[in-house]
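In what follows, a single structure is set out as structure tokens and then discussed.
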């Protein structure tokens, strides 16, 4: 078996996921990019691309698991996510359900399915949002997005506890307000800057601080 470390990154075809793929490839990792639709940029970076993966569907999870059969996974980054707006007076329950499926249930399903392939010393990074912080909510709105990220934080905390005996550490990481398509490129920092910060957080993640909720700038965020 190769000594090269392996990173599996979902939502790797663009934005933060693509920059994380680029970072780890540059560091010498074997990068496996997972996405619904591939991109030329990802194909040029990743050692392997698993496309056609709908993380909300049983068939998508099965496709991912089958493609990774026998693969050691040193780092799983659950990055795939969706932003939709729901304001009081116009809440769309279908939108809320979709946000929960993509942002919360899918990362949990992927972590559960792939956990047996993560060795002691391995890590899971869930890319969440400070909008999932209940203590930090001072502007209201965004009902589905906030709830889905709060659920992801809860799932990640339980994963950290349940996977600790296996020697696997788990972190919930807020990437910052990043200039990506998700926010019409209106963010405050570049995907490259966000990826560097996220990678630094992942580097300092261990079993002692497993379960933490961090900003990409290193700040610990309130639940």
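Details
- Just so you know, in the stretch 166-180 the residues that are in a loop (DSSP other than H, G, I, E, B) and either surrounded by fewer than 23 Cβ atoms within 10 Å (Cβ to Cβ) or at positive phi (or both) include one that is farthest from the chain's Cα centre (by Cα), and it is 167.
- Condition check for residue 62 on (1) in a helix (DSSP H, G or I); (2) more than 24 Å from residue 147 (Cα to Cα); (3) touching a residue at least 24 places away in the same chain (Cβ under 8 Å): one failure, at (3).
- The condition (being more than 21 Å from residue 100 (Cα to Cα), in contact with a strand residue (DSSP E or B) (Cβ under 7 Å, 6 or more places away or on another chain) and assigned to a helix (DSSP H, G or I)) is satisfied by just one residue among 207, 159, 163: 163.
- Failed condition for residue 181, given (1) closer than 18 Å to residue 76 by Cβ; (2) at pLDDT below 95: (1)
- When each of 69, 111, 80 is tested for being part of a loop (DSSP other than H, G, I, E, B) and touching a strand residue (DSSP E or B) at 6+ places or on another chain (Cβ under 7 Å), the lone residue that passes is 80.
- Some residue of the stretch 36-52 being touching a strand residue (DSSP E or B) at 6+ places or on another chain (Cβ under 9 Å), surrounded by 17 or more Cβ atoms within 10 Å (Cβ to Cβ), touching a residue at least 24 places away in the same chain (Cβ under 8 Å) and in a helix (DSSP H, G or I): yes
- Residue within the stretch 134-148 that is in contact with a strand residue (DSSP E or B) (Cβ under 9 Å, 6 or more places away or on another chain) and either under 21 Å from residue 82 (Cβ atoms) or surrounded by fewer than 21 Cβ atoms within 10 Å (Cβ to Cβ) (or both) present: no
- If you go through the stretch 184-223 and pick out every residue that is without any contact (Cβ under 8 Å) to a residue 24 or more places away in the chain and either exposed (fewer than 14 other Cβ atoms within 10 Å of the Cβ) or within 16 Å of the chain's Cα centre (by Cα) (or both), you end up with 12.
- Near pairs, Cβ below 8 angstrom, 6+ apart or cross-chain, from the stretch 131-143 (free of Cβ contacts under 8 Å to residues at least 40 places away in the same chain) to any residue that is buried (at least 18 other Cβ atoms within 10 Å of the Cβ) and in a loop (DSSP other than H, G, I, E, B): 131/142
- Counted residues, the stretch 45-62 - those being farther than 11 Å from residue 12 by Cβ and in contact with a helix residue (DSSP H, G or I) (Cβ under 7 Å, 6 or more places away or on another chain): 5
- Taken over the stretch 2-35, the residue count meeting the criterion of being on the phi > 0 side of the Ramachandran plot and in a loop (DSSP other than H, G, I, E, B) is 2.
The values are calculated or read from the model by the stated rules, or taken from the named source; none is laboratory data. Every value quoted in this text rests on a predicted model; they were computed, and no experiment measured them. Glycine also receives a Cβ, built like all others from the backbone with ideal geometry; neighbour counts cover every protein chain displayed.
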